[in-house]
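A quick write-up on the structure given underneath.
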Amino acid sequence: MQSITLSDEQRQFRSVLRQFCEDKIAPRAAEVDKTATYPWDNFEAVKSMELPALGIPAEYGGAGADHVTQAIMVEELSRVCASTSLIVLISKLGMIPVMRWGSEELKREYLPKAAAGEIQCSYCLSEPDAGSDVASMKTRAVRDGDDYILNGTKYWITNAGISDTYTVFAKTDPDGGHRGMSCFLVTEDMGLRIGKLEDKLGVRGSPTGEVILDDVRVPASHRIGEEGQGFYIAMATLDRSRPTIGAQAVGIAQGATDYAAGYMRQRQQFGKPIAEFQGLQFMVADMAMKIEAARGLVYRACAMVDSGDSELTVAGAMAKAFAS
C-alpha cells in the first residue's frame, strides 16, 4: 500500500484555500442551493485563484498540479459549497479525454482556455437506457466527408446549458458493441440544444440536464482518439476522475462534521455545552475517524493516478465508494 504524507507546500495550500473558501465561497452557498442558481460570483472567485488551471498540464497554460493537490482543492471547496466544487470538477472531467487522447490541435485550442476559466466543459456519456451499460447507447455519429453528423440525447449531464464544450460519446459502428463507440469534442455553437433541467435535492447550483444532438455537424478534427476507441477513453477517464469525486464527498462530510461540532459547542443543556456529553463525543469521534479513512483512500488513489499504477481502477472505485 502506498503511503501518503502531505508536503509542507500542500499543507500551506490547504490553509490558504480554506481561508479563501470561508471568505469568498461559503457566504453564498445556502442561497445558491436554495435558489438553484449557477454561482457565477463563485466561479469568478475561483478563476481569480487560478484553480481551473491546477488540473491542466503546464505546457498548455495550466499549473500541472499533482492529483493529491487537486484533491485538496476539491475537498476544501466542497467543505463549504458542493455546487462550486463541481464547477472545477466537471470542466476537468470534460477535458481529460482531450489531455490524454486529443490531437495537438485540440490541445492547443482548448486546454489553455479551460485553464484560464474562459470556457467550461461537460462530459456526455449517459443515456436513458445506457447508464451502467454504456455500450448500449443509441447516439449515432455518421461520417459525412470531413465531418460527422451526430444524433441522440444525453441525460444527467452536469453543467448542461453552462458549458462551452461537450465531450460526447457516440456509436460510429452501431453493431460494434463497446468497440463501436467514438469520442467527439462538440462546441456549443455547433448546434446542440439543452432540454429539460432536473430539479434536484442537492448540489442545486450546478445544473444537470439533457443535451440534445439533432443533426449536429462536427468536424472530423474534433474526434478525440481513433474511431472505435471511445469506450476505452470513457472508462479510462472515469478511472482518473473517481479519486477527486471521492475528495468531493470527503469535503462535504468534513463540512458537516465541522458544522455539527460548532453547534455542539454553542448548544447548552443542563448548564453546559452539549459538546461535553460523552455520548455525543463518541458520535463525532466516529465521524472524524471515517472521514480520515476516506481521505486516506482518496489521497492514495490520487497518487496512483500520477504514478500510473495499474491497480488504479480498483483503488479509485474503492475510494469513491467509501468516501461517498
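Just a few scattered comments:
- Accessible-area rank, largest first, for 212, 233: 212, 233, with all protein chains present and a 1.4 angstrom probe.
- Entry note, the chain: the mean residue ellipticity at 222 nm calculated from DSSP H runs of n ≥ 4, each adding -39500 (n - 2.57), is -16000 deg cm²/dmol after division by the residues and rounding to the nearest 500.
- Candidate lysines - alpha carbon under 16 Å from residue 92, same-chain residues fewer than 8 apart omitted: 47, 107, 113
- Computed from phi, the 3J(HN,Hα) profile of region 17-22 under the Karplus parametrisation 6.51, -1.76, 1.60 (θ = phi - 60°) reads 5, 4, 5, 4, 5, 5 Hz, with x in place of Gly and Pro.
- Potential lengthening of the chain between residue 321 and residue 256 amounts to 21.6 nm, from the contour at 0.36 nm per residue minus the alpha-carbon distance.
- Charged side chains reduced to their Cβ positions (Lys and Arg at +1, Asp and Glu at -1) give region 259-322 a dipole of some 380 debye around its Cα centre.
- Relative pair counts by distance (%), Cα atoms of region 143-277, 10 Å bins: 11, 28, 27, 14, 9, 7, 4, 1
- Residues in region 60-71 carry Karplus couplings, in order, of 10, x, x, 9, x, 5, 5, 6, 5, 4, 4, 5 Hz; the curve used is 6.51 cos²θ - 1.76 cosθ + 1.60 with θ = phi - 60°, and Gly or Pro positions show x.
- Accessible area, probe 1.4 Å, largest first, for residues 101, 40: 40, 101
- Cα gyration tensor shape of region 144-187, rounded if a/c is under 1.5, else prolate or oblate by comparing a/b with b/c: oblate
- Checking the cross-link pairs 24/200; 24/196; 34/320 against a 28 Å limit on the alpha carbon distance flags 24/196 as lying beyond it.
- Cα-derived Rg over Rh, computed across region 50-109 with Rh taken as Kirkwood radius: 1.00
- FRET efficiency, residue 232 to residue 136 (Cβ-Cβ, R0 22 Å, nearest 0.05): 0.85
- Residue 164 contributes about 50 Å² of solvent-accessible surface, heavy atoms of the protein only, 1.4 Å probe.
- With the whole protein complex present, residue 283 retains an accessible surface near 110 Å², based on a 1.4 Å probe.
- In order along region 306-311, the phi-based Karplus estimate (6.51 cos²θ - 1.76 cosθ + 1.60, θ = phi - 60°) of 3J(HN,Hα) comes to 5, 7, x, 4, 5, 8 Hz; Gly and Pro are listed as x.
- Computed as a quarter of the hull surface, the mean projected area of the alpha carbon convex hull for region 199-299 stands at 10.7 nm².
- Cα shape, the chain, gyration tensor, a/c 1.5 rule: prolate
- Solvent-accessible area of residue 105 with every protein chain in place, 1.4 Å probe, in Å² to the nearest 10: 120
- Region 30-154 shape via C-alpha gyration tensor axes, a/c threshold 1.5: oblate
- Relative to the longest principal axis of the Cα atoms of the chain, the long axis of helix 312-323 makes an angle of roughly 40 degrees.
The values are calculated or read from the model by the stated rules, or taken from the named source; none is laboratory data. The structure displayed is predicted, hence computed values, not measured ones. Backbone-built Cβ (ideal geometry, glycine too); neighbour counts: all protein chains shown. The accessibility values were calculated without ligands, DNA or RNA, using every heavy atom of the protein model including side chains. Shrake-Rupley method; radii C 1.70, N 1.55, O 1.52, S 1.80 Å.
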